[in-house]
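Contents: one structure, followed by commentary.
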Amino acid sequence: MDETVWQHSLPNLDDLRIYAAGKEIPYARRTMWGSRETEQKTVRLLQPGSLGGKTQFLLDMSGVSEYDRITLTLKTKNYVAHARVEGQDDSHGTQWANLGTTTLFDLTEERLGNNSTLQLPASTYKYLRVTVDALVKPSDVQGGTAGIERAQEVVWRDLGSEPKQTQEGKDTVLTFAVPEHVPVERVMLAIDSAQGNFQRGIEMQSDKESMIGAGQITRIHMQRNGGKIDVDRTWLSLSATTHGELRAVIHNGDDAPLRITRARLQQYERRVYFDCDAGTSLGLYYGDQKLDAPVYDYAKLFQSDVSAVQVQMGGEEATAGYTGRPDDRPWSERHPAVLWAAILAAVAILGGIAVRSIKSAAA
C-alpha cells in the first residue's frame, strides 16, 4: 500500500476490495511490524564472591527452559567491565562451557547510557557461572532475570522525499512533507561515520507544533578499561498520522550540530495477500467511507508464503460510471431548511393562538 491509497481510503484500510472480471477476490492484510517476544523470569543468585581478583557468582537457571540473555541488577555506577559466562548442568562440576564475553557499562555521568545485559547463544544449561572484572563488587550484584527473544522480520517502507534542514538557534530542524492521512512509525537518520560520540535529544512535532514523540539518538564507540563499547541508535519510533508537515527537532545543546547525511520517515510495510492466476487483470477499489472491513475465510486461514509474487500497482484512476451511494440519511437531515421553516411556522401559529386567548380572557 502506498501514499496514494492512504490518502483516499479509510484510515484502517477497511474499504479495500479486489475484483477480477467482476468477481470479488478474497484477501488477507498483513502489517510487517515483526514481533519480539521475550518472557523474562527471575533467576536465583548463588555464591557471589571474589576469586583471583574478580567477582564471580552462579545463576540457577533450572526454572528457565531456554534463554539467550541475562539482565543483571547491579548497584555499580560509572564503570566498564568484562563479564565472562560459562554454563554447566552440575553446579559442582569442573567442565564449564564458555558461552562468551559481554561488556557491561554504566556511563550515566557522561550521559552515554548503560548496559547490564549478558548476550548468549540460545542455551539450556541449569547453571551459569559469571565472572566479572573487580570494578563490579560481589555486594553490587543483586540478582537477574533471564529470557529468550524470538523475532520475526520487520519490513520498513520509506515515505516522501528528503526533508528541508535548517538551524533554529542551537536546534537542528528537519521538515518533512508527507501526504495527509499517511501513518508514520519511525524517523531514521544517517549520521556521518566520522562523527564522534554523541547523545542528543530529539522530538517530533506535527504541523501544529504539538509533540508526537520524543527520545534520544546515540552513538558510542570507545575503549574503556580494555573493553569495547559499541552503541549506534539513530532513529526514533513514533505513532502518528500525518496532516501535512512533520518536524524533527534535534537538541544539540552547546555541541556543534550533527552531520546528518540522510533523513527519512518510515512506516511498517502493509501488504495484501491474495490468490489469482498469472496475467489476470485486477482492480483494487477503495474510497467508500461506509464500508465495513471484509470477513473472508481466506484471511482466517491464511499462511504467508515466502515465494509469493509481488504485484505492482498502477496509477490511481476514478471509477468509471461511479454515482455514489443513495442518501440514506433521515428526511430531517436531508432537508434541514424545510424542517426549521416548519418549526418557526408552528411557533408563530402557537404564539398567535396564545395572544388571542389572552385577549379573550381579558375581555
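The values are calculated or read from the model by the stated rules, or taken from the named source; none is laboratory data. These figures come from a predicted structure and were not determined experimentally. Here the Cβ is made from the backbone with ideal geometry for all residues, glycine too, and neighbour counts use every protein chain on show.
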Only one of (1) under 15 Å from Asp140 (Cα atoms); (2) part of a strand (DSSP E or B); (3) free of Cβ contacts under 8 Å to residues at least 40 places away in the same chain fails for Phe105. Which number is that? (3)
In region 232-249, residue nearest to the chain's Cα centre (by Cα) [restricted to those that are outside any strand (DSSP E or B) and either surrounded by fewer than 16 Cβ atoms within 10 Å (Cβ to Cβ) or charged (D, E, K, R) (or both)]: His243
Does at least one position in region 163-178 carry a residue that is of a type in the set (S, T, N, Q), within 30 Å of Glu86 (Cα to Cα), out of contact with any Lys or Arg (no Cβ under 6 Å at 6 or more places or on another chain) and at pLDDT 90 or above? no
Might you let me know whether region 66-76 holds any residue that is without any contact (Cβ under 8 Å) to a residue 60 or more places away in the chain and more than 25 Å from Tyr268 (Cβ to Cβ)? no
I need the full set of residues from region 138-154 which are outside any strand (DSSP E or B) and in contact with a Lys or Arg (Cβ under 8 Å, 6 or more places away or on another chain), in order please. Ser139, Asp140, Ile148
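From the list Ser62, Ser91, which one is out of contact with any strand residue (DSSP E or B) (no Cβ under 6 Å at 6 or more places or on another chain), at pLDDT below 95 and outside the structural domain of Gly201 (by TED's automatic domain parsing)?
Testing whether each residue is out of contact with any strand residue (DSSP E or B) (no Cβ under 6 Å at 6 or more places or on another chain), at pLDDT below 95 and outside the structural domain of Gly201 (by TED's automatic domain parsing) leaves just Ser62.
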So the check is Cβ under 8 Å with 6+ separation or different chains; which pairs have a first residue in region 83-97 that's touching a residue at least 24 places away in the same chain (Cβ under 8 Å) and surrounded by 14 or more Cβ atoms within 10 Å (Cβ to Cβ) and a second one that's part of a loop (DSSP other than H, G, I, E, B) and among the acidic types (Asp, Glu)? Ala83/Asp133
Regarding region 2-15, can at least one residue be identified that is touching a strand residue (DSSP E or B) at 6+ places or on another chain (Cβ under 6 Å) and surrounded by 13 or more Cβ atoms within 10 Å (Cβ to Cβ)? no
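Determine which member of the set Lys164, Lys170 is touching an Asp or Glu at 6+ places or on another chain (Cβ under 9 Å), within 30 Å of Arg264 (Cα to Cα) and among the basic types (Lys, Arg).
Details: Lys164 fails: touching an Asp or Glu at 6+ places or on another chain (Cβ under 9 Å).
Answer to the selection: Lys170.
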Checking Arg111 against (1) surrounded by fewer than 18 Cβ atoms within 10 Å (Cβ to Cβ); (2) closer than 23 Å to Met222 by Cα; (3) at pLDDT 90 or above, only one condition comes out false. Which one? (3)
Pull out all pairs, ordered by first then second residue, where Cβ-Cβ is under 6 Å, the residues are six or more apart or on different chains, the first lies in region 210-224 and is touching a residue at least 60 places away in the same chain (Cβ under 8 Å), and the second is β-branched (Val, Ile, Thr). Thr218/Val231; Ile220/Ile229; Ile220/Val231; Arg224/Val80
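How about region 189-199: which of its residues are buried (at least 16 other Cβ atoms within 10 Å of the Cβ) and either modelled with pLDDT of 95 or more or hydrophobic (A, V, I, L, M, F, W, C) (or both)?
First, pick out the residues of region 189-199 that are buried (at least 16 other Cβ atoms within 10 Å of the Cβ): 189, 191, 198-199.
Answer for region 189-199, where residues must be buried (at least 16 other Cβ atoms within 10 Å of the Cβ) and either modelled with pLDDT of 95 or more or hydrophobic (A, V, I, L, M, F, W, C) (or both): Leu189, Ile191, Phe198.
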Restricting attention to region 157-174, which residues are loosely packed, with under 15 Cβ neighbours inside 10 Å and hydroxyl-bearing (Ser, Thr, Tyr)? Ser161, Thr166
Within region 135-144, the count of residues that are over 13 Å from Thr55 (Cβ atoms) and either surrounded by fewer than 19 Cβ atoms within 10 Å (Cβ to Cβ) or outside the structural domain of Gln56 (by TED's automatic domain parsing) (or both) comes to 1
Hand me the list of strands (runs of 3 or more DSSP E) wholly inside region 14-62 holding 3 or more residues that are touching a residue at least 24 places away in the same chain (Cβ under 8 Å). 17-20, 28-31, 35-38, 41-51, 54-60
Listed residues Asp288, Asp297, Asp277; which is acidic (Asp, Glu), without any contact (Cβ under 8 Å) to a residue 40 or more places away in the chain and over 30 Å from Arg219 (Cα atoms)? Asp277
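When you look at Ala214, is it surrounded by fewer than 15 Cβ atoms within 10 Å (Cβ to Cβ) and either assigned to a loop (DSSP other than H, G, I, E, B) or among the hydrophobic types (A, V, I, L, M, F, W, C) (or both), yes or no?
Here the answer is yes, as Ala214 does meet what is asked.
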Just to be sure, is Asp277 among the acidic types (Asp, Glu), in contact with an Asp or Glu (Cβ under 7 Å, 6 or more places away or on another chain) and within 30 Å of Gly22 (Cβ to Cβ)? no
Is it true that Glu153 is modelled with pLDDT under 95 and either touching a Gly at 6+ places or on another chain (Cβ under 7 Å) or of a type in the set (Gly, Ala, Ser) (or both)? yes
